[in-house]
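*Asks:* Shown below is the structure under consideration.
The values are calculated or read from the model by the stated rules, or taken from the named source; none is laboratory data. Note that this is a predicted model, so its numbers are computed, not measured. Ideal geometry is used to build each Cβ from the backbone, glycine not excepted, and the neighbour counts take in all protein chains shown. Calculation scope for accessible area: heavy atoms of the full protein, side chains included, ligands and nucleic acids excluded. Shrake-Rupley method; radii C 1.70, N 1.55, O 1.52, S 1.80 Å.
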Amino acid sequence: MQIADNVVASLRYKLTDSQGEILDEATQAEPFVYLHGANNIIPGLENALLGKQVNDQLEVTIPPADAYGEHDERLTQEVSKEMFSGVDEAQLFPGAQFQAQTDAGQEVITIATVQDDTVTIDGNHPLAGETLHFDVTVLDVRAATADEMSHGHAHDAHGDCGHEH
Ligand code: ZN
């Protein structure tokens, strides 16, 4: 069976950035399982996996546009430190991440720089602007169940969802 829409695939992968640093990993023992064709994964990886089958190995380089997007300066803003009034000053440093409620829902914001009275925050995805390298092996491919197709994501071996619907 080949990977296509309405197919659930299990992957072993290693994700590295352009410096070769490992950002994420899924192993044979704890594979990454996803429903193809449901926007569960970044477009560049989904396109590369189309038509692959069990034991296929591939190395994919994905530019930001097909991954988490280009870094958008408009998502960066300088805010008063008072916005972080409940946060220990020691936790305000470049690279620190916080959950924030925004117009677009729950998002991760990253602190870019810290000034005397203000903090510059960055609402871009932490991997925005990064070219990503995936080293992937396809471990399993199966047809999605009716439940999975209607939910738009893969379920585990017990058919458990783990999501609210
Ligand atoms: Zn579900």
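*Asks:* Pull up segment 12-41, narrow it to residues that are outside any strand (DSSP E or B) and hydroxyl-bearing (Ser, Thr, Tyr), then point me to the one that is modelled with the highest pLDDT.
*Replies:* Within segment 12-41, the match that is modelled with the highest pLDDT is THR27.
*Asks:* Continuing with the same structure: Restricting to segment 17-36, and then to whatever is buried (at least 16 other Cβ atoms within 10 Å of the Cβ) and touching a Leu at 6+ places or on another chain (Cβ under 9 Å), can you tell me which residue is nearest to ASP156 (Cα to Cα)?
*Replies:* The selected residue is VAL33.
*Asks:* Let me ask another. Of the residues GLY44, GLY95, only one is at pLDDT below 95 and either more than 29 Å from ALA144 (Cβ to Cβ) or in contact with a strand residue (DSSP E or B) (Cβ under 8 Å, 6 or more places away or on another chain) (or both); which?
*Replies:* GLY95
*Asks:* Also: Within segment 69-87, take every residue that is part of a loop (DSSP other than H, G, I, E, B) and small (Gly, Ala, Ser) and give me the one that is most open to solvent (accessible area, probe 1.4 Å).
*Replies:* SER85
*Asks:* Enumerate the pairs (first residue in segment 49-71 and touching a residue at least 24 places away in the same chain (Cβ under 8 Å); second residue anywhere and open to solvent by 90 Å² or more (accessible area, probe 1.4 Å)) with beta-carbon separation below 7 Å, excluding pairs fewer than 6 apart on the same chain, so at least 6 apart or on different chains.
*Replies:* Note: pairs meeting the criteria are GLY51/GLN2; LYS52/GLN2; GLN53/MET1; GLN53/GLN2; PRO64/GLU70.
*Asks:* Going through ALA128, ALA143, ALA157 one at a time, which residue ends up being closer than 25 Å to LEU23 by Cβ and small (Gly, Ala, Ser)?
*Replies:* Values: ALA143 fails: closer than 25 Å to LEU23 by Cβ; ALA157 fails: closer than 25 Å to LEU23 by Cβ.
Result: ALA128 is the single residue among ALA128, ALA143, ALA157 that is closer than 25 Å to LEU23 by Cβ and small (Gly, Ala, Ser).
*Asks:* Sticking with this structure for a sec: Considering each residue of segment 131-152, count those that are over 16 Å from ALA4 (Cα atoms) and of a type in the set (Lys, Arg), and give that number.
*Replies:* 0
*Asks:* Inspect all residues belonging to segment 103-112 and state whether any of them is under 27 Å from GLY152 (Cα atoms) and touching a residue at least 60 places away in the same chain (Cβ under 8 Å).
*Replies:* No, because not a single residue in segment 103-112 is under 27 Å from GLY152 (Cα atoms) and touching a residue at least 60 places away in the same chain (Cβ under 8 Å).
*Asks:* Out of ALA90, ALA154, ALA112, ALA144, which single residue is within 16 Å of the ligand (Cβ to nearest atom), more than 19 Å from the chain's Cα centre (by Cα) and small (Gly, Ala, Ser)?
*Replies:* So the residue among ALA90, ALA154, ALA112, ALA144 that is within 16 Å of the ligand (Cβ to nearest atom), more than 19 Å from the chain's Cα centre (by Cα) and small (Gly, Ala, Ser) is ALA144.
*Asks:* Please determine, by comparing only the residues of segment 50-68 that are open to solvent by 80 Å² or more (accessible area, probe 1.4 Å) and part of a strand (DSSP E or B), which one is farthest from PHE134 (Cα to Cα).
*Replies:* Result: GLN57.
*Asks:* Still on this structure, please answer the following. I'd like to check something: does segment 129-140 contain any residue that is assigned to a loop (DSSP other than H, G, I, E, B), in contact (Cβ under 8 Å) with a residue 12 or more places away in the chain and within 16 Å of the ligand (Cβ to nearest atom)?
*Replies:* For segment 129-140, residues assigned to a loop (DSSP other than H, G, I, E, B), in contact (Cβ under 8 Å) with a residue 12 or more places away in the chain and within 16 Å of the ligand (Cβ to nearest atom): absent.
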